[in-house]
Amino acid sequence: MDFIIETLEQLNDPLFFKLLFGVMSIIILAVILGFPNCPQCSRKIWNNGKVVDREYIDTTPQKSDGSNDLRYKRSGYTKILREWNCRCGHTFQKWIKKI
Ligand SMILES: [Zn+2]
């Protein structure tokens, strides 16, 4: 019983919440930034990798002849090919849509 009370007291420690918040925000940040898991060993890779290639995708509606239909607003996005090197030695690439 003492152990449970001790644990609860530790939970009330603001430092514990700061640590928990710190860890949580790092994980959330990693998800937002799109840090990938290695396909080989499924470990999280804690960096942004390096840009190998990029491509602009035009999503403006097109006319039947294939040119942009200028009645619509031009739209599109950039895709970025990133490359990561995992600690296990595996190298992999992934296309990421730039926001
Ligand atoms: Zn790996």
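The values are calculated or read from the model by the stated rules, or taken from the named source; none is laboratory data. Keep in mind that what you see is a predicted model, and the values were worked out from it rather than measured. Because the Cβ atoms are built from the backbone with ideal geometry, glycine has one as well, and the counts that use them run over all protein chains shown.
See the values below:
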item	result
Positions within the range 1-37 being among the small types (Gly, Ala, Ser) and more than 23 Å from the chain's Cα centre (by Cα), in sequence order	none
Tally, over the range 77-99, of residues that are more than 9 Å from the ligand (Cβ to nearest atom) and not in a strand (DSSP E or B)	2
Meets criteria (at negative phi, modelled with pLDDT of 95 or more and more than 16 Å from the ligand (Cβ to nearest atom)) for Arg74	no
Filter result (within 16 Å of the ligand (Cβ to nearest atom) and either of a type in the set (Ser, Thr, Tyr) or farther than 25 Å from Gln93 by Cβ (or both)) within the range 13-49	Ser42
Extreme residue, nearest to Thr78 (Cα to Cα), among residues of the range 13-52 that are free of Cβ contacts under 8 Å to residues at least 24 places away in the same chain and not hydrophobic (A, V, I, L, M, F, W, C)	Asn37
